[in-house]
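Down below is the structure, laid out as structure tokens.
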Amino acid sequence: MTVCYALPPVRGRLTHEAPLAPLLWFKSGGAAEYLFEPADTKDLVDFLAALDPATPVWPLGLGSNLIVRDGGVPGVTVRLGKAFAKVERIDETTLKCGAGASGILVSSNARDAGIAGLEFLRGIPGTVGGFVRMNGGAYGREVADILVDCEVVLRSGELVTLPLSALGYTYRHSELPEGAIVVSATLRGTPGDPKIIGAEMDRIAAEREASQPLRSRTGGSTFKNPPGKKAWALVHEAGCRGLRRGEAQVSEKHCNFLLNLGGATSADIEALGEDVRERVKAHSGVMLEWEIQRVGKA
């Protein structure tokens, strides 16, 4: 990477040419030109307010549902750590969750508090920031069903609270402003029995374990379900189960998952995905849309 940016001082950690592959589920891809791990929300606010507006900024969550291209990510990649992973109970049905908290942590806190309706978060392999941004969902529910509002730091450094109605949610999509970083979200369920909630979470965990290649280098669901159809079924019917490009493979266990068998580059994984899209288009007439986010330079 050749561009140099004048960066403001920080209280957190700012790393130049930080490898991203170790932080990603696929374990592939290039480096972040700068990786910023803010100490707290004020550190992030101050940094963005002082940062040259021309400098690209991009948020990194748990590293699932993501391909970072092999040329790396220019500008500043923001990763929210432990300071953003707290979950607090607001009242008998409401939690305030830091953007760095995982779906497992949030659903477990909801269970312990007797809050039902958040069990599906157990099945989302990501953080609050990520699934608020993309209206993440699983097992018949999505974030739009439980979100009250979210705190967001805009690219300008302004901290704002956005209600559900401002996010323009559709299937796996929001209208969050470009460059905005979610720092927390308020989620609301309904009163429930912790034992029943826990049993549902266990069912979700067991179903995921049985049907998905969770112990592999993967990115989660690759393609969005087209209206009235299942992406995995279209991929299977097009004969793509087990399809390979180099060390990248379509999972034989669940063919809406791509795998890094060990030595795949991000280019291999993305090209395999495009191969699948073309084969599905030729077979069924449906052009699948990527659900996995793809960022950085080829």
Q) Classify the chain: rounded, prolate or oblate, from the alpha-carbon gyration tensor (a ≥ b ≥ c, eigenvalue square roots; a/c under 1.5 rounded; otherwise prolate if a/b is larger than b/c)? A) oblate
**Q.** Entries in 27/96; 86/195; 42/86; 42/82 that, when Cα-Cα distance is taken, lie over 21 Å
**A.** 27/96; 86/195
Q.
Under 8 Å for C-alpha pairs, at least 6 residues apart: give me the relative contact order for the chain, rounded to a whole percent.
A. 18 percent
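Assign one of three labels to region 29-175, namely rounded, prolate or oblate, based on the Cα gyration tensor with a ≥ b ≥ c the square roots of its eigenvalues; rounded applies when a/c is under 1.5, prolate when it is not and a/b is larger than b/c, and oblate otherwise. Can you show the working numbers first?
On the way: a/c = 1.81, a/b = 1.54, b/c = 1.17.
Here region 29-175 falls in the prolate category.
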Q) For region 26-176, what relative contact order do you get, as a whole percent, if you take Cα pairs closer than 8 Å and at least 6 residues apart? A) 21 percent
**Q.** Residue among 216, 197, 168 farthest towards the positive dipole end of region 118-232, charges placed on Cβ
**A.** 216
Q: Name the lysines eligible as straight-distance cross-link partners of residue 229: C-alpha to C-alpha under 26 Å, and not fewer than 8 places from it in the same chain.
A: 253, 281
Q: In a Gaussian network model over the chain where Cα atoms closer than 10 Å are linked, find which of 44, 176, 214 has the largest mean-square fluctuation.
A: 214
Q. Tell me, what HN-Hα J-couplings in whole Hz come from the Karplus equation 6.51 cos²θ - 1.76 cosθ + 1.60 at θ = phi - 60° for each residue of region 106-115, using x for Gly and Pro?
A. 5, 5, 5, 5, 5, 4, 5, 8, x, 10
Q: Quantify, in whole percent, the carbon and sulfur part of the accessible surface of region 179-298 (1.4 Å probe; protein heavy atoms only).
A: 48 percent
Q) Which whole-Hz ³J(HN,Hα) couplings does region 268-277 yield from phi under the Karplus relation 6.51 cos²θ - 1.76 cosθ + 1.60, θ = phi - 60°, glycine and proline marked x? A) 4, 5, 5, 5, 4, x, 5, 4, 4, 4
Q | Charged-residue dipole, Cβ positions (Lys, Arg, Asp, Glu), the chain about Cα centre, Debye nearest 20 | A | 640 debye
Q: Report the relative contact order of region 219-271, percent, no decimals, based on alpha-carbon pairs under 8 angstrom and at least 6 residues apart.
A: 32 percent
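The values are calculated or read from the model by the stated rules, or taken from the named source; none is laboratory data. All values reported here derive from a predicted model rather than from experimental measurement. Glycine also receives a Cβ, built like all others from the backbone with ideal geometry; neighbour counts cover every protein chain displayed. These area figures cover heavy atoms from the full protein model, side chains too; ligands, DNA and RNA do not enter into them. Shrake-Rupley method; radii C 1.70, N 1.55, O 1.52, S 1.80 Å.
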